[in-house]
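Coordinate-derived values only; no laboratory data. In this text, all values refer to a predicted model and were calculated from it rather than measured experimentally. Methodologically, a virtual Cβ is constructed for each residue, glycine included, from the backbone with ideal geometry; neighbour enumeration extends over all protein chains shown.
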Amino acid sequence: DQQVKQNSPSLSVQEGRISILNCDYTNSMFDYFLWYKKYPAEGPTFLISISSIKDKNEDGRFTVFLNKSAKHLSLHIVPSQPGDSAVYFCAAVGSGNTGKLIFGQGTTLQVKP
Amino acid sequence: NAGVTQTPKFRVLKTGQSMTLLCAQDMNHEYMYWYRQDPGMGLRLIHYSVGEGTTAKGEVPDGYNVSRLKKQNFLLGLESAAPSQTSVYFCASASGQFGQETQYFGPGTRLLVL
């Protein structure tokens, strides 16, 4: 049972345009979410996070939106750059104060010059 | 600061062989994790540790064992490798103060079991 889902395996956008990556979750007890970025042959690196007490968090070109009623979050990248081409994972922090992450399947973003 | 390092980077095993993957972190982090990444599955938690001498099972622990004898090291063992354990393995660490800290990942170990 996939508790965190990224239903789009891939996304292709033109340089300079907006990239929107989506993520859905099923467990209403999740209260902290993160986005990780992964380049080939490297480990994931943290990108941005959001607590359930907020509905938006912004860091430079990256903004994460959280819609708790819909159990949905999205990552917006504006403007998109070729260097943003990577796999993006959405993750939720599991229960128990152990920091365990529950990941989505990932979305491969390609930004075309 | 090397961050999180993993040894080896790549390994080929035959079915039934054993091996140990080593993860080391130099950030004095309390929490450490082992994940595996498979196509279309994202990363799944195998085992984790919330401090030296402690270990706990994650989502997919079967076929694996772990040890955390030293705070900076977290070992993942495969006693009898199976083709289903072909995967990319990632280790991660976090400071562990509040349970929601950023996890820092190693570069991964690619394992092929024939």
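Count the lysine pairs in segment B:4-98 whose Cα atoms lie under 22 Å apart, taking only pairs 8 or more positions apart in sequence or on different chains.
Number of lysine pairs found: 4.
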Candidate lysines for bridging to A:Lys54, where Cα separation is under 20 Å - those fewer than 8 sequence places away on the same chain excluded: A:Lys68, A:Lys71
Total formal charge among the other residues, if their Cβ is under 13 angstrom from that of B:Ser67, Lys/Arg +1 and Asp/Glu -1: +1
Label-to-label distance, nm, for residues given as B:Met27 and B:Thr54 (7 Å Cα→Cβ offset): 1.9
Amide N of segment A:52-92 lying under 19 Å from the label point, which is placed 7 angstrom from the Cα of A:Lys112 along Cα→Cβ: A:77-87
Relative contact order of segment B:4-98, defined on C-alpha pairs under 8 angstrom at six or more residues apart (%): 36
Residue of B:Glu30, B:Glu59, B:Glu79 that the Gaussian network model of chain B assigns the largest fluctuation, springs spanning Cα pairs under 10 Å: B:Glu59
Calculated P(r) tail over 28 Å for the protein assembly as shown, as whole % of Cα pairs: 30
